[in-house]
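Student: Following this message is one structure expressed as structure tokens.
Bear in mind these aren't lab numbers, they're just calculated from the coordinates by the rules spelled out. This one's a predicted model, so the numbers in the text were calculated from it and none came from an experiment. Methodologically, a virtual Cβ is constructed for each residue, glycine included, from the backbone with ideal geometry; neighbour enumeration extends over all protein chains shown.
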Amino acid sequence: MKQVIYQQLAERKQLGKKSFTVLIDPDKVDSGSIDQLVSLSVDAKVDYFFVGGSLVISSHLDDCIRQLKAACDIPVILFPGSPSQVSKYADALLYLSLISGRNPELLIGQHVISAPFVKKSGLEIMPTGYMVIDGGAPTTVSYISNATPIPADKSEIAMCTAMAGEMLGMKLIYMDAGSGAKKPIPEQMIEKVARHIEAPLIIGGGIIDPEKAYRNCKAGADVIVVGNAIEKDPSLIKEMSAAIHSSSPVQQSN
Ligand code: 1GP
């Protein structure tokens, strides 16, 4: 199986390089806004695009990804809210198992049903332990997943969950307060989890300012995901990217 993007993420982690990911919800973009996002992202040296959402109502996932791929070299990684959000035009797929919840469908059930289809896509598959953290109010992901998020002040639970996910073979750990979360994940929790795992740690949900993104990186995040704030103000891409890349202890060429 292909491991190109995973290897790149693992190497970046080894080198202490932090990555910035722009999350694109296909429901919230059109051809014109994709062009604008690409242009700002290329200029700001964005590392990855995640494409997906808890609910994707429109049917232009393929078109959205094809437009991104045609316009730039930034890798496109699927962040699917359901097995229907698989597109062969992307570079890789976060193969998410909701390890913070106890909903068997999102731990393994939907994977079994969609396995032949996912394998046939030819995508790079990245097994990802997905952990939803309480962001202060219900988010789409916490509602749709029908699973209780990890309380934001229970760093030990997050730590043990991430460790278990890694020992079960998950290559990435993604801690998410949910899109538009009122409260992003506290640094104390990020620090605790980062200290106990070797897998690249992805952090997202409710990050609206570059200072918070910077502090998250310093606390041990390897990849920062921002969606909502950029939908509201695409020009934030530049500052976010600069803050995340400047948090790296080494000089970054990208
Ligand atoms: C959501 O982690 C992502 O799943 C990003 O969250 O949209 O709040 O930036 P925001």
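Student: If I model a spin label as a point 7 Å beyond the Cα along the Cα-Cβ vector, how far apart are those points for Lys28 and Lys238 in nm?
Tutor: In this crude spin-label approximation the distance works out to 2.2 nm.
Student: Same structure, new question: Return the loop-located trypsin sites (Lys or Arg not before Pro) in region 1-30 (DSSP other than H, G, I, E, B) with at most 14 other Cβ atoms within 10 Å of their own Cβ; answer none if there are none.
Tutor: Hits after loop and neighbour filter: Lys2.
Student: Please work out the Cα center distance from region 192-254 to region 139-166, rounded to the nearest Å.
Tutor: After rounding, the separation between the Cα centres reads 20 Å.
Student: With the crude spin-label approximation of a point 7 Å out along Cα→Cβ, what separation in nm comes out for Leu168 versus Ala115?
Tutor: Distance between the two pseudo-spin positions: 1.5 nm.
Student: Take every Cα pair under 8 Å in region 113-212 that's 6+ residues apart, average their separations, divide by the length, and report that relative contact order as a whole percent.
Tutor: Reported relative contact order: 32 percent.
Student: Moving on. Determine the gain in length on full extension of the stretch Asn146-Asp62; use 0.36 nm per residue of separation and subtract their C-alpha separation, reporting nm with one decimal.
Tutor: Between Asn146 and Asp62, full extension yields an extra 27.5 nm.
Student: May I pose another question? Expressed in nm to one decimal, what extension gain is obtained for the pair Glu105 and Gln188 from 0.36 nm per residue of sequence separation less their Cα-Cα distance?
Tutor: 26.8 nm
Student: Right, here's the next one. Leaving out same-chain residues fewer than 8 places away, which aspartates and glutamates sit with a Cα under 12 Å from that of Lys212?
Tutor: Glu187, Glu239
Student: Turning to a different aspect of this structure: Filter the trypsin sites (Lys or Arg not before Pro) in region 60-113 down to the DSSP loop ones having no more than 12 other Cβ atoms within 10 Å, then list what survives.
Tutor: For trypsin sites (Lys or Arg not before Pro) across region 60-113 that sit outside H, G, I, E and B with at most 12 neighbouring Cβ atoms in 10 Å, the list reads Lys88, Arg102.
Student: Let me ask something additional. Taking only C-alpha pairs under 8 Å that are 6+ residues apart, what is the relative contact order of the chain in percent? Let's see the in-between values first.
Tutor: On the way: 520 pairs, mean separation 55.1, N = 254.
22 percent.
Student: Could you check the spin-label model distance between Ser246 and Ala71? Points 7 Å from the Cα along Cα→Cβ, value in nm.
Tutor: 2.7 nm
Student: Assigning unit charges at the beta carbon (Lys, Arg +1; Asp, Glu -1) and nothing else, what dipole magnitude in debye, to the nearest 20, does region 179-254 show about its Cα centre?
Tutor: The dipole magnitude comes to about 180 debye.
Student: Short version: ³J(HN,Hα) in whole Hz for each residue of region 152-165, in order, from phi by Karplus 6.51 cos²θ - 1.76 cosθ + 1.60 (θ = phi - 60°), x for Gly and Pro, what are they?
Tutor: Whole-Hz 3J(HN,Hα) from phi for region 152-165: 5, 9, 10, 4, 5, 5, 4, 4, 5, 5, 5, 4, 5, x.
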